[in-house]
Amino acid sequence: MLLFWQHGYEATSLNDLTTVLGVKPSSIYSVFGDKKRLFLEAVTKYLSGPITSASIIDEAADGREAARGLLMAAAEGFTGEHTPAGCLLASSAISCSEGANDVKEELAAIRRGIEGRLLKKVKESVEAGQLPKDTAAEALASLTMAVIQGMSTLARDGAPREKLLRMIDTVMVTWPDPTKTE
């Protein structure tokens, strides 16, 4: 997972993988079928930590808190002390050529799923009166995801965690004040 995270899907060679895993190429093929399936297993591992985007969104009191939680997790995760900078999903997708469109699409589907879950939470918050009726739910969910992707790039470029954390307060200014739901 860390190798794919650091170098991206296509730039990670079979030789790199066999060296890190300490196995022969035939072992990778017999267990995973191909590099793509190994990569998708790595993505599953990446997404399945104790705190996931789904748990952040589902456990948040409202859509605004869910967005802030996603942004905070991104700032912390993209600047980990023992992990590559940035986001595995973003880094791997950017580095894919047209020959890996299926991998790009799988990664895009994951990101769309996260955005869709956040959008649902925001809409539920509007319906529950936690956010104003005129809240631009779709725009805010999309903005949150775009900022997360941008944070990944900034982290890859060397931005420290503190810089990403400061961005969050600025981004959250675009969200409506939950105390003014009328």
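The values are calculated or read from the model by the stated rules, or taken from the named source; none is laboratory data. None of the values given here were measured: they were computed from a predicted structure. All Cβ positions, even for glycine, are placed from backbone atoms using ideal geometry, and neighbour counts span all protein chains on display.
Taking Ala85, is it assigned to a loop (DSSP other than H, G, I, E, B), in contact (Cβ under 8 Å) with a residue 12 or more places away in the chain and either surrounded by 13 or more Cβ atoms within 10 Å (Cβ to Cβ) or touching a Gly at 6+ places or on another chain (Cβ under 8 Å) (or both)? Yes.
If you check Arg156 against the conditions, is it over 20 Å from Ser53 (Cα atoms) and within 17 Å of the chain's Cα centre (by Cα)?
Values: over 20 Å from Ser53 (Cα atoms): yes; within 17 Å of the chain's Cα centre (by Cα): yes.
So Arg156 fits the description; yes.
Inside the range 46-63, residues that are under 17 Å from Glu106 (Cα atoms) and surrounded by 12 or more Cβ atoms within 10 Å (Cβ to Cβ) make up a count of 3. Quick check on the range 46-61. Is at least one of its residues part of a loop (DSSP other than H, G, I, E, B) and β-branched (Val, Ile, Thr)? Scanning the range 46-61 turns up at least one residue that is part of a loop (DSSP other than H, G, I, E, B) and β-branched (Val, Ile, Thr).
For the structure I just gave you, tell me whether Thr12 is of a type in the set (Val, Ile, Thr) and either closer than 22 Å to Arg161 by Cβ or assigned to a helix (DSSP H, G or I) (or both). Spelling it out, it is not the case that Thr12 is of a type in the set (Val, Ile, Thr) and either closer than 22 Å to Arg161 by Cβ or assigned to a helix (DSSP H, G or I) (or both). Considering (1) under 23 Å from Gln6 (Cβ atoms); (2) without any contact (Cβ under 8 Å) to a residue 60 or more places away in the chain; (3) crowded, with 18+ Cβ neighbours inside 10 Å, the lone condition that Gly150 does not fulfil carries the number (3). Name the residues in the range 22-40 that are free of Cβ contacts under 8 Å to residues at least 60 places away in the same chain and surrounded by 14 or more Cβ atoms within 10 Å (Cβ to Cβ), would you? Scanning the range 22-40 gives Ile28, Tyr29, Phe32, Lys35, Leu38. Residues that are within 23 Å of Gly63 (Cα to Cα) and either exposed (fewer than 15 other Cβ atoms within 10 Å of the Cβ) or at pLDDT below 90 (or both) were ranked within the range 91-120; the one that is farthest from the chain's Cα centre (by Cα) is Gly116. Residues that are small (Gly, Ala, Ser), free of Cβ contacts under 8 Å to residues at least 40 places away in the same chain and in a helix (DSSP H, G or I) within the range 62-81 comprise Gly69, Ala73, Gly77, listed in sequence order.
Matching residues to (1) hydrophobic (A, V, I, L, M, F, W, C); (2) touching an Asp or Glu at 6+ places or on another chain (Cβ under 8 Å); (3) modelled with pLDDT under 90:
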position	(1), (2), (3)
Gly8	no, no, yes
Ser13	no, no, yes
Leu21	yes, no, yes
Ile56	yes, no, no
Phe78	yes, no, no
Leu89	yes, no, yes
